[in-house]
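Q: Right, I'll just put the structure down here and ask away after.
The values are calculated or read from the model by the stated rules, or taken from the named source; none is laboratory data. Quick caveat, the model's predicted, so the values are computed rather than measured. Glycine gets a Cβ as well: all are built from the backbone with ideal geometry, and neighbour counts include every protein chain shown.
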Amino acid sequence: MMTLSFLFKIYFFLFGAAVGSFLNVCIHRLPRALSLVRPRSMCPGCGSLIAFYDNIPILSYLFLLGKCRHCKTRISFRYPLVEGATGLFAVAIFTQYGISGEGLLLFAFVSALVVVTFIDLDHRIIPNIITFPGIAIGFGASFVIHTITYKDSLLGLVLGGGVLFLIASGYYLLTKKEGMGGGDIKLLAMIGAFLGWKGAVFTIFVGSALGTVIGIGVALRTREGRKAAVPFGPFLSMGALLYLFYGPQLIQWYFRFLGY
Ligand SMILES: [Zn+2]
C-alpha cells in the first residue's frame, strides 16, 4: 500500500519538475533579455509552437525520444535533466521542512542556484537580476524564518562577498588579470545570506576544491587554461547544495578525519 508520506513525495516531485520546466525557460531567456512569459516556447529547429502535451516535464522528452515532433531536431537532454533535478530537490526540501515559509524559501534559493549554474556554463555570466534580489530576499527572510538568525545571515553575506572580493582583488593585483568575475562575488554573498557564515565558508572551500579537481581534468583534456575552460558559479552552487543537504554530516566527518 502506498503510504501517505510517499504520496506527498510524488506531489513534491511533480511540483518541482513543473518549476524545473520554468527554470529551463529562465536559463534560455534571462541572459538574452527575453520575456519569461511570451512568446510561448517553440522549437529552435523549425519554429513551431510546442503544444502543452509536448511540454510535460520529463515525460514529453521520453515520449518524443528527445526529438521535435515536427522536424526531429534533437532536444537537449538538459531539459529533462533540469526538470528531474529540480523535482528531486523539491522532494528533499519539502520532506524536511514541510510546505512552510522555510521550505518555500529554500526551494526558491535552490531554484536560483540551478538557473545560475546553467547560465554560467552557457554564457560565463551570473545575472544580477538573480543575485541582487537573492541577497535581499535571503537577508530579509532571516528576520521571519527560524532556520537562520539575521545576524548569521548578515555575517554570511558580508563574509561570503568579502572573502571572494579580497581573493579577486589580490589575484588582480598579482597577475593584472581578472580571475574571478563580480558575478561570483555576488553569488557567494547570496549563498551566505541564505546559509549563514558557516555555509559561506563551507561553500568557498568545497566549491574551490571541486573547481580545482574538475578544472585540472578539463584543462588536461582541452589544453586550454583552467580559467578559459571552467566557470566558477556551478561549483559554488554545488558547494552550497552540499552544505544545505549534508553540511553537518560532512563537517563532522571532516573533523573526525583530522582526528578531533
Ligand atoms: Zn522542430
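Q: Can you name the helices (runs of 4 or more DSSP H) wholly within region 130-231 that have at least 2 residues being touching a residue at least 60 places away in the same chain (Cβ under 8 Å) and either closer than 20 Å to Leu113 by Cα or touching a Gly at 6+ places or on another chain (Cβ under 6 Å) (or both)? Even if it seems obvious, please write down each step before you answer.
A: Working: elements: 150-175, 182-222, 226-229.
Qualifying helices (runs of 4 or more DSSP H): 182-222.
Q: Tell me which residues, restricted to region 61-92, are polar (S, T, N, Q), at pLDDT below 95 and within 23 Å of Val114 (Cβ to Cβ).
A: Ser76 - this is the single residue of region 61-92 that is polar (S, T, N, Q), at pLDDT below 95 and within 23 Å of Val114 (Cβ to Cβ).
Q: Does region 155-176 contain any residue that is more than 19 Å from Pro234 (Cβ to Cβ) and polar (S, T, N, Q)?
A: Yes, region 155-176 contains a residue that is more than 19 Å from Pro234 (Cβ to Cβ) and polar (S, T, N, Q).
Q: When the residues of region 47-60 are filtered to those that are in contact with a Ser or Thr (Cβ under 7 Å, 6 or more places away or on another chain) and in a loop (DSSP other than H, G, I, E, B), which remaining residue is nearest to the ligand (Cβ to nearest atom)?
A: It comes out as Ile50.
Q: Looking for something assigned to a helix (DSSP H, G or I), at pLDDT below 90 and not acidic (Asp, Glu) - is there at least one such residue anywhere in region 233-240?
A: For region 233-240, residues assigned to a helix (DSSP H, G or I), at pLDDT below 90 and not acidic (Asp, Glu): absent.
Q: Taking interchain pairs and intrachain pairs at least six residues apart, which have beta carbon atoms under 7 angstrom, with the first residue in region 7-32 and farther than 19 Å from Pro80 by Cβ and the second not charged (D, E, K, R) and not in a helix (DSSP H, G or I)?
A: Qualifying pairs under 7 Å: Leu30/Pro127; Pro31/Ile125; Pro31/Pro127.
Q: Please work out which residue is nearest to Asp120 (Cα to Cα), limiting yourself to region 19-46 and to residues that are within 13 Å of the ligand (Cβ to nearest atom) and not hydroxyl-bearing (Ser, Thr, Tyr).
A: Pro44
Q: What about Phe118, is it assigned to a helix (DSSP H, G or I), in contact (Cβ under 8 Å) with a residue 12 or more places away in the chain and either among the hydroxyl-bearing types (Ser, Thr, Tyr) or more than 16 Å from Met190 (Cβ to Cβ) (or both)? Lay out the reasoning, then the answer.
A: On the way: assigned to a helix (DSSP H, G or I): yes; in contact (Cβ under 8 Å) with a residue 12 or more places away in the chain: yes; either among the hydroxyl-bearing types (Ser, Thr, Tyr) or more than 16 Å from Met190 (Cβ to Cβ) (or both): yes.
For Phe118, the condition - assigned to a helix (DSSP H, G or I), in contact (Cβ under 8 Å) with a residue 12 or more places away in the chain and either among the hydroxyl-bearing types (Ser, Thr, Tyr) or more than 16 Å from Met190 (Cβ to Cβ) (or both) - is met.
Q: For Thr95, all conditions in the list (1) surrounded by 17 or more Cβ atoms within 10 Å (Cβ to Cβ); (2) touching a Phe, Trp or Tyr at 6+ places or on another chain (Cβ under 9 Å); (3) β-branched (Val, Ile, Thr) hold save one; what is the number of the exception?
A: Failing condition for Thr95: (1).
Q: Kindly provide the set of residues from region 119-144 that are surrounded by fewer than 22 Cβ atoms within 10 Å (Cβ to Cβ) and of a type in the set (A, V, I, L, M, F, W, C), ordered by number.
A: Leu121, Ile125, Ile129, Ile130, Phe132, Ala136, Ile137, Phe139, Phe143, Val144, listed by residue number.
Q: Which condition does Phe94 not pass, out of (1) within 16 Å of the ligand (Cβ to nearest atom); (2) assigned to a helix (DSSP H, G or I); (3) not acidic (Asp, Glu), if it passes all the others?
A: (1)
Q: Looking at (1) surrounded by fewer than 18 Cβ atoms within 10 Å (Cβ to Cβ); (2) modelled with pLDDT under 95; (3) in contact with a helix residue (DSSP H, G or I) (Cβ under 8 Å, 6 or more places away or on another chain), which is the one condition that is false for Asp54?
A: That leaves (1) as the condition not met.
Q: Within region 61-81, take every residue that is more than 9 Å from the ligand (Cβ to nearest atom) and charged (D, E, K, R) and give me the one that is nearest to Arg29 (Cα to Cα).
A: The residue in question is Arg78.
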